[in-house]
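Participant: One structure is given below, represented as structure tokens, and several questions about it will come after.
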Amino acid sequence: MFFLDYELTTVEKRRHADAFRKTAADLKFSVIDTTYGQFPVLRVNVGNSEAHAADIGLAFTQKLFGNDQKTVFEFLP
């Protein structure tokens with residue numbers, strides 16, 4: 001499974017939390033609230049296809065930050 005995680009480690013990232021949730025809802029995904037120790041994490045399960053995960057990641061970054069097709073994604077195990 002691939003997950004799109006948005007770790008709320010800074011004030012700036014926390015300011016985007018509602019927009020992240022709205023983007024997820026617009027794209028028909030649910031947000032799972034979790035944590036990496038001390039920091040809250042907003043997580044979206046994007047399925048088991050690497051290509052699909054990349055497409056969803058790009059859709060998120062385009063809507064949230066205006067990124068384009070040249071955006072580099074990091075897939076973590």
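The values are calculated or read from the model by the stated rules, or taken from the named source; none is laboratory data. Because the structure is predicted, anything quoted here is derived from the model rather than measured. Glycine also receives a Cβ, built like all others from the backbone with ideal geometry; neighbour counts cover every protein chain displayed. For the accessible areas, the whole protein counts, side chains as well, though only heavy atoms, and no ligand, DNA or RNA atoms are used. Shrake-Rupley method; radii C 1.70, N 1.55, O 1.52, S 1.80 Å.
Participant: Among the residues of the range 28-48, count how many are more than 17 Å from MET1 (Cβ to Cβ) and touching a Lys or Arg at 6+ places or on another chain (Cβ under 8 Å).
Facilitator: Going through the range 28-48 one residue at a time, the tally reaches 1.
Participant: Same structure again: Given the structure, is LYS28 out of contact with any helix residue (DSSP H, G or I) (no Cβ under 7 Å at 6 or more places or on another chain), without any contact (Cβ under 8 Å) to a residue 40 or more places away in the chain and open to solvent by 90 Å² or more (accessible area, probe 1.4 Å)? Spell out the reasoning first.
Facilitator: Values: out of contact with any helix residue (DSSP H, G or I) (no Cβ under 7 Å at 6 or more places or on another chain): yes; without any contact (Cβ under 8 Å) to a residue 40 or more places away in the chain: yes; open to solvent by 90 Å² or more (accessible area, probe 1.4 Å): yes.
Against the criterion (out of contact with any helix residue (DSSP H, G or I) (no Cβ under 7 Å at 6 or more places or on another chain), without any contact (Cβ under 8 Å) to a residue 40 or more places away in the chain and open to solvent by 90 Å² or more (accessible area, probe 1.4 Å)), LYS28 qualifies.
Participant: Answer with yes or no whether THR10 is under 9 Å from the mean Cα position of the chain (by Cα) and either of a type outside the set (Asp, Glu) or exposed (fewer than 12 other Cβ atoms within 10 Å of the Cβ) (or both).
Facilitator: no
Participant: A follow-up question, please. Could you list, in sequence order, the residues of the range 4-43 that are of a type in the set (D, E, K, R) and assigned to a strand (DSSP E or B)? Spell out how you get there, then give the answer.
Facilitator: Initial filter on the range 4-43 (of a type in the set (D, E, K, R)): 5, 7, 12-15, 18, 21-22, 26, 28, 33, 43.
Of everything in the range 4-43, those that are of a type in the set (D, E, K, R) and assigned to a strand (DSSP E or B) turn out to be ASP5, GLU7, ASP33, ARG43.
Participant: Restricting the first residue to the range 32-44 and requiring it to be in contact (Cβ under 8 Å) with a residue 60 or more places away in the chain and farther than 13 Å from ALA17 by Cβ, which pairs with a second residue that is in a loop (DSSP other than H, G, I, E, B) and of a type outside the set (A, V, I, L, M) meet a Cβ separation below 6 Å and a spacing of at least six or different chains?
Facilitator: none
Participant: Among the aliphatic types (A, V, I, L, M) and either part of a helix (DSSP H, G or I) or at pLDDT below 95 (or both): is that true of VAL46 in this structure? Walk me through it before giving the result.
Facilitator: Details: among the aliphatic types (A, V, I, L, M): yes; either part of a helix (DSSP H, G or I) or at pLDDT below 95 (or both): yes.
Yes, satisfied.
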